[in-house]
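Visitor: First, the structure itself, so that you have it in front of you.
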Amino acid sequence: MFILISGGCKNGKSAIAEKIICSGNPGRFYIATMQPFGNEAEIAIKRHREMRAGTHFKTIEKYTDIGEIDLPDKCSVLLECIGNLCANEMFSAGCSSPDEKILRDIKKLTEKTEILVAVTSQVGGDGIIYPKETMKYVESLGRLNSALANTADIVIEAVFGIPVILKGELPECLY
């Protein structure tokens, strides 16, 4: 099963994703895609580690090429975050079509896992025209989010910490 969780910044996406993963299979993996650049990133990483404390996640820090990760069959995976992954593939790895590559990599992960919950961010809705390189990222992430939502079994939007179902049925653990 593939679940996509989207929403604005600091709207509870991670907490919802962790609740879903922690309600099932104890073989839990957390794929962390945020590269620790700067103080703000370090603070976010620390906050997410504290949130996961005691949940028995095995953390895998992988900033690009997530399809290469060797996982045991039928495990549970939380992938955070698609926005970081897209930026890493585009700017660090120099991939000209990160949305297509990430879609292939996520397909590989879904074939190995019992459940994959991916967290993403909503960007581009503010109507601001950014510099060309940033706009290329916004467009790529928009295409990627649309394609992921199309392939996901369940799509949830986090709104002020409340899971709003956009596709499929709300997992029982969220009632």
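Visitor: Here are some residues: ILE20, ILE5, ILE16. Which one is touching a residue at least 60 places away in the same chain (Cβ under 8 Å) and in contact with an Asp or Glu (Cβ under 8 Å, 6 or more places away or on another chain)?
Guide: ILE5
Visitor: Only one residue in GLY124, GLY142 is touching a helix residue (DSSP H, G or I) at 6+ places or on another chain (Cβ under 6 Å) and either surrounded by fewer than 18 Cβ atoms within 10 Å (Cβ to Cβ) or assigned to a helix (DSSP H, G or I) (or both), so which one is that?
Guide: GLY124
Visitor: Need pairs with beta-carbon distance below 6 Å; first residue more than 14 Å from ALA149 (Cα to Cα) and touching a residue at least 24 places away in the same chain (Cβ under 8 Å) and within segment 103-117, second loosely packed, with under 14 Cβ neighbours inside 10 Å and not hydroxyl-bearing (Ser, Thr, Tyr); sequence gap 6+ or separate chains.
Guide: Short answer, once both residue conditions are applied: GLU114/LYS74.
Visitor: Separate question: All but one of (1) under 14 Å from the mean Cα position of the chain (by Cα); (2) surrounded by 19 or more Cβ atoms within 10 Å (Cβ to Cβ); (3) more than 23 Å from GLY124 (Cβ to Cβ) hold for ALA17; which doesn't?
Guide: Exception for ALA17: condition (3).
Visitor: Strands (runs of 3 or more DSSP E) wholly in segment 23-96 with at least 1 residues that are surrounded by fewer than 14 Cβ atoms within 10 Å (Cβ to Cβ) - which ones?
Guide: 57-61
Each reported figure results from applying straightforward, stated rules to the coordinates on display, with no laboratory input. Since this is a predicted model, take the numbers as computed values, not measurements. Cβ coordinates were reconstructed from backbone atoms using ideal geometry, including for glycine residues, and neighbour counts include every protein chain displayed.
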